[in-house]
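Take a look at the structure set out below.
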Amino acid sequence: MDSAAIIATEGRAALVTIVLVAGPLLGTVLIVGIVISIVQAATQISEATLSFMPKFLGAIVVLAVSGTWMLRQVETLFVNVLSASTGHWP
């Protein structure tokens with residue numbers, strides 16, 4: 001495989017890994033934010049911490065539940081990138 005094909009393949013793998021790792025965290029924060037916004041609109045409460053704290057706690061829960069999996073995804077990407085750049089598999 002030539003270097004341009006390796007770079008393209010590893011670049012695609014990096015983008016997929018970014019989506020896989022950031023997706024659950026951003027999705028959780030988005031959903032919690034929408035729910036809190038609906039509750040704030042319905043009750044006419046405009047407290048900033050009411051919006052921030054549930055999103056923060058949701059992000060912590062997602063990291064606690066899937067943090068190990070996320071770290072393994074990033075580790076796999078780095079091993080693949082480094083092994084492709086040296087020309088041999090570990």
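Read-outs throughout are calculated quantities, based only on the coordinates presented, and are distinct from any laboratory measurement. Note that this is a predicted model, so its numbers are computed, not measured. Heads up, the Cβs are rebuilt from the backbone with ideal geometry, glycines too, and the neighbour counts pull from every protein chain shown.
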Loop-only check: which GluC sites (Glu not before Pro) in the chain are DSSP coil with at most 11 other Cβ within 10 angstrom? E47
Relative contact order for the stretch 3-85, counting Cα pairs under 8 Å that sit 6 or more residues apart, in percent: 45
Under a Gaussian network model of the chain whose springs join Cα atoms within less than 10 Å, the largest fluctuation of A48, A13, A64 belongs to A48
